[in-house]
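These notes are about the structure you will find just below.
Only the coordinates and a few stated rules stand behind these numbers; no lab work does. Model, not experiment: these values are computed from the prediction. Quick reminder, even Gly has a Cβ in these numbers, built from the backbone with ideal geometry, and neighbours come from all protein chains shown.
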Amino acid sequence: MRWVAAALTLVAIAVTSAIILAFAFGGLSSRAAAVSLVLGLGAATVAFRTTDDKNPRRPNPWDITLLILFALASLRAFLWLLYPVGDEWRVLSPNNLGDMSLHLHFIRYLAAGPTFWPESPILAGTPMAYPIGIDLFNSLLLLVQIPVEKGLIWTGLIGAALSAWALWRWGGAFALAALLFNGGLAGFAIFQTGLVADYQAELAWKNCFLSMLVTQRGLLFALPAGLLILQYWRDQIFHKGSGLPKAVALLLYATMPVFSVHAFLFLSLALAALFLSVPSARADLLRFVGTCFLPASLAVFLVTGGFAASSGIRFLPGWMQGDGGLWFWLKNFGIMLPLFALLVWRSWGHRELLAFVGASLVTFALSFLFSFSTWEWDNTKLLLWAWLVCTPFLWDRLIAPLPAFARGTICFLLFFSGAISLVGGLDGRHGYRLANRSELAATAAALAHVPPTDTIAIEPEFNHPVILLGHPVYCGYEGHLFSHGLPYRDKWQDLQTVLKGYPNTIDLARTLDANWLYLRKDPPILVPLKSSKP
């Protein structure tokens with residue numbers, strides 16, 4: 001536990017320090033990055049020395065097997081997270097094409113030193129409305145001369161290792177399998193096709209390792225940190241106390257919104273469930289919330305752009321069911337939801353189960369009744385927590401007491417589809433082009449004299465070289481703008497008019513909130529529109 005607490009403390013303090021220094025000095029710099037990382041290292045040293053695991057878990061053969069499988073999947077996914085093939089930069093998974101371009105954009109943009117709180121680099125004139133924590137950490141690494149590509153790989157590998165430990169500590173081999181192999185019935189199609197593939201790629205409930213841990217980079221911090229917080233509450237309230245210092249738990253909870261708002265929401269639900277279920281713990285929980293209230297509220301305020309981004313919350317009964325009916329739920333979740341319903345029934349009268357399973361129940365119910373963002377698939381960022389948190393209780397209360405054959409059958413039905421999808425998604429024959437390195441070099445040369453914080457109007461493509469190089473753009477890729485809840489429609493229409501009518505629309509282009517117009521030609525065309533920002 002010491003190393004995990006130390007690593008998470010390092011990231012939390014480094015990112016928090018960087019935000020404070022960027023506010024104080026008008027943006028990030030190499031010196032501010034170095035100071036932030038040194039402060040993080042100092043805090044990590046203190047966390048390491050003051051942490052002690054009072055309730056150690058001993059690995060059994062199944063634990064070791066699943067940890068090895070998790071390590072192999074992580075090595076495959078993150079060593080090939082972004083890799084060169086000839087003139088191309090490629091990603092292993094199609095899930096990561098749009099996400100990787102967005103994260104490269106944010107990392108390089110933040111490292112360029114915009115004034116804090118920064119404007120959004122994907123929509124001119126709007127504040128950044130995104131939990132930038134892990135991207136900001138990679139920006140700090142870039143500013144101290146660690147290349148972006150290497151920083152992404154090492155952050156991914158270390159975050160995956162921390163996640164594996166936290167999952168094992170929380171729920172053993174079953175929790176590790178729950179993340180690696182989640183799924184329903186889709187993968188059983190292999191018995192008809194004979195092909196190993198990611199059969200869940202087009203479903204709502206995708207393989208969480210491929211679609212979330214690899215692509216949603218905030219989870220690299222939020223997953224281990226959130227599980228460590230939950231373990232702290234569990235040990236403090238129901239066991240013999242926790243070896244994690246309270247200060248570390250407070251730090252991780254208070255800074256969580258900077259890394260993942262969804263994780264913060266679930267942890268807050270868990271806090272409420274503990275408060276209602278365990279009267280004797282209420283005073284301590286109130287003190288915990290009171291200590292974190294102001295910094296956590298400020299963090300939420302910042303990552304929502306001062307509450308400017310549209311929440312997208314709307315009543316959506318059946319979630320993404322559409323016309324799928326019962327088959328939607330069976331194909332996506334298989335026996336998972338019936339097992340969970342049985343666990344809820346078995347939880348009555350047991351305070352520990354009632355608290356954690358109750359938080360999962362509320363999360364499932366709300367996620368299947370409401371959409372919590374403009375893109376309804378984002379509900380899976382909450383469903384993931386509801387599923388993982390109930391895993392130790394599902395195993396201990398329902399599955400472990402059964403005969404070996406019944407246990408094996410249930411695990412086969414729960415995890416076979418996800419296992420097939422995981423192997424198919426990590427297939428070495430894959431590889432998807434993100435960008436041409438020669439085009440990136442040509443674009444960098446064309447923009448060499450352009451100040452890094454100048455806004456550029458471009459064709460709104462997810463892998464546009466201007467985006468991948470970190471320059472702020474007038475109006476970026478529509479999928480990113482929509483999913484972030486940004487008010488982009490008017491700017492989008494004006495940009496389309498300019499692009500379709502160029503060069504006859506150059507006067508209209510000069511009315512855009514942009515300094516330059518960049519046309520993706522050979523050679524590229526760069527048109528000045530107005531003076532650079534002061």
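By the scheme Lys and Arg +1, Asp and Glu -1, what is the net charge of all other residues having a beta-carbon under 12 Å from that of residue 484? Summing Lys/Arg as +1 and Asp/Glu as -1 gives -2. With the highest mean first, a sort of the peptides 237-248, 129-140 on other beta-carbon atoms found within 10 angstrom per residue produces 129-140, 237-248. Entry note, segment 314-424: relative contact order of 33 percent, from Cα contacts under 8 Å with a spacing of 6+ residues. Does a label point 7 Å from the Cα of residue 525, set along Cα-to-beta-carbon, have any residues of segment 439-472 with amide nitrogen under 18 Å, and which are they? The answer is 443, 446-447, 456-461, 465-466.
Computed extension gain for residue 193 through residue 298, at 0.36 nm per residue and net of the alpha carbon distance, reaches 32.6 nm. Ranked by the mean number of other Cβ atoms within 10 Å of their residues, highest first, the peptides 162-175, 68-81 come out as 162-175, 68-81. With an a/c value of 1.5 or above and a/b not larger than b/c for the gyration tensor axes a ≥ b ≥ c computed over the alpha-carbon atoms, segment 1-105 is described as oblate.
Across q = 0.15, 0.18, 0.27 Å⁻¹, segment 484-530 modelled as identical point scatterers on its alpha-carbon atoms has Debye log10 I(q)/I(0) values of -0.41, -0.57, -1.05, in the order of the q list. Rg and Dmax, both from the Cα atoms of the chain and both in Å, are 23.6, 76. Taking 16 Å as the straight-line reach from the Cα of residue 500, the aspartates and glutamates in range (excluding those fewer than 8 positions away in the same chain) are 459, 461, 490. Compute the angle between helix 148-180 and the longest alpha-carbon principal axis of the chain, please, reported from 0 to 90 degrees and rounded to the nearest 10. For helix 148-180, the angle is close to 20 degrees.
Take every Cα pair under 8 Å whose residues are at least 6 apart in sequence, average their separation, divide by the length of the chain, and the relative contact order is 21 percent.
Among the listed pairs 246/381; 491/530; 491/521; 240/381; 206/331, a Cα-Cα separation exceeding 20 Å is found for 246/381; 491/521; 240/381.
Computing Rg and the Kirkwood Rh from the Cα coordinates of segment 436-528 gives a ratio, Rg/Rh, of 0.94. Hey, with R₀ at 22 Å, roughly what FRET efficiency would residue 369 and residue 202 work out to, going by the Cβ-Cβ distance, to 0.05? It comes out at approximately 0.40.
Rounded to the nearest 10 degrees, the inclination of helix 133-143 to the longest alpha-carbon principal axis of the chain is 50 degrees. Taking Cα atoms only, the orientation of helix 96-111 departs from the longest principal axis of the chain by about 60 degrees.
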